[in-house]
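In what follows, a structure is listed as structure tokens, so that the remarks can point back to it.
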Amino acid sequence: MYYDAHCHYSYLKKKYENFIIAAVSMDYSTSIETLSLKSPVILAGIGIHPWKVHEENLNKVLELVKKADFIGEVGLDYRYAKAEKSIQLKYFEAFAEEASNQKKLINVHALDAWEDAFNILQKHNVKRAIFHWYTGPENLLKEIEGAGYFITVNPSVTFQKKHQNIVIKSPLDIILTESDGGYEYKGRLLEPVHIVEAIKEISKLKGTSEEEVNKIVERNFRKAFG
């Protein structure tokens, strides 16, 4: 069994044998669709991506939290988002508070905003969080580990140097695998099956077997998602 901690499954809607998938959402409409796709192997997340916050009604999506397995994809993006930082922060703070209140995992996008996102999670006493496709500062890894949070490693680890460096610096106990499936990156549509490539690369970088990596990822996934 393989574990995909971050996938836009509503964009794919394909059956993937031997995968458990955490399906993230981008906005209200994909949140509703993702909830409809819940199954024993599909965990449903609801949220508003930082690229979408200026277009979405926060309260409508917050009302869906109780129906979801987790919250996500939510967060901050100081590089590509069109929305003002103040709006991004308002929405992310609201989701962090809801994650804390409802004791749910929060799946975080934090491009160029890793430390701000971490500090907001701590401010709201969020207990379970994932930093998706982590390429952030190495000095934050100790704090992420100390808080009991996780990072995800994407198939781009096969060539993305900063992602490789993070894997080298990170303990396996905080690593999850993800596909970011449904997202096209450098001309390639990502899918859960590409996680096999990520497992191989993590194994090589950490000097351990693929079986050991996958066993630890499974343990981490179950701990993260409860």
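The values are calculated or read from the model by the stated rules, or taken from the named source; none is laboratory data. Being a predicted model, the structure only gives us computed values, none of them experimental. Every residue, glycine among them, receives a Cβ derived from its backbone with ideal geometry; neighbour counts consider all protein chains shown. Heavy atoms of the whole protein, side chains included, go into the accessibility calculation; ligands, DNA and RNA do not. Shrake-Rupley method; radii C 1.70, N 1.55, O 1.52, S 1.80 Å.
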With x for Gly and Pro, the residue-by-residue ³J(HN,Hα) of segment 69-74, computed from phi through the Karplus equation 6.51 cos²θ - 1.76 cosθ + 1.60 at θ = phi - 60° and given in whole Hz, is 7, 7, 9, x, 9, 9
Here the membrane-span-like helices of the chain, with no claim about any membrane, defined by DSSP H, Cα axial extent at least 15 Å and mean Kyte-Doolittle at least -0.5, are 195-206
Non-local residues with an amide H under 5 Å from the amide H of residue 72, with H modelled 1.01 Å from N and Pro and chain starts lacking one, are 25, 46, 47, 107
If each part is reduced to its alpha-carbon centroid, segment 1-26 and segment 137-168 end up apart, in Å, by 21 Å
Among beta bridges assigned by DSSP with both residues in segment 1-121, the antiparallel ones amount in percent, to the nearest 5, to 5 percent
Restricted to the chain, the DSSP antiparallel beta bridge percent, nearest 5, is 10 percent
In the chain, taking the dipole from +1 charges on Lys and Arg beta carbons and -1 charges on Asp and Glu beta carbons about the Cα centre, the listed residue (146, 189, 108) farthest towards the positive end is 146
Straight-line reach check, residue 60, cutoff 12 Å on alpha carbons, 8 or more apart in-chain or any other chain, hits among aspartates and glutamates -> 27
Reported to the nearest 10 Å², residue 27 has, with a 1.4 Å probe, an accessible area equal to 20 Å²
Excluding ligands, DNA and RNA, the carbon-plus-sulfur percentage of the accessible area of the chain with a 1.4 Å probe reads 48 percent
Charge tally for neighbours of residue 19 with beta carbon under 13 Å away, counting Lys, Arg as +1 and Asp, Glu as -1, is -3
Order by accessible surface, 1.4 Å probe, largest leading, for residues 124, 163 comes to 124, 163
Any trypsin sites (Lys or Arg not before Pro) in segment 1-98 that lie in a DSSP loop and have at most 11 other Cβ atoms within 10 Å would be 13, 14, 15, 79
Measuring from its Cα centre, segment 1-133 shows a charge dipole (+1 at each Lys and Arg Cβ, -1 at each Asp and Glu Cβ) which, in debye to the nearest 20, is 360 debye
Ignoring ligands and nucleic acids, residue 80 exposes an accessible area, probe 1.4 Å, in Å² to the nearest 10, of 140 Å²
In debye to the nearest 20, the charge dipole size for segment 125-204, taken about the Cα centre with +1 at each Lys and Arg Cβ and -1 at each Asp and Glu Cβ, equals 160 debye
From the Cα centre of segment 172-224 to that of segment 42-93, the distance in Å is 24 Å
For residue 182, the net charge from surrounding residues (Cβ-Cβ under 13 Å; K, R +1; D, E -1) works out to -4
Counting only protein heavy atoms and leaving out ligands, DNA and RNA, the solvent-accessible surface of residue 128 at a 1.4 Å probe, in Å² to the nearest 10, equals 70 Å²
The answer for the chain, accessible area per residue at 1.4 Å probe in Å², is 44 Å²
Once both label points are put 7 Å beyond Cα along the C-beta direction, the residue 85-residue 169 separation in nm becomes 2.2 nm
With DSSP loop assignment and no more than 14 other C-beta atoms within 10 Å, the GluC sites (Glu not before Pro) in segment 77-141 are 84
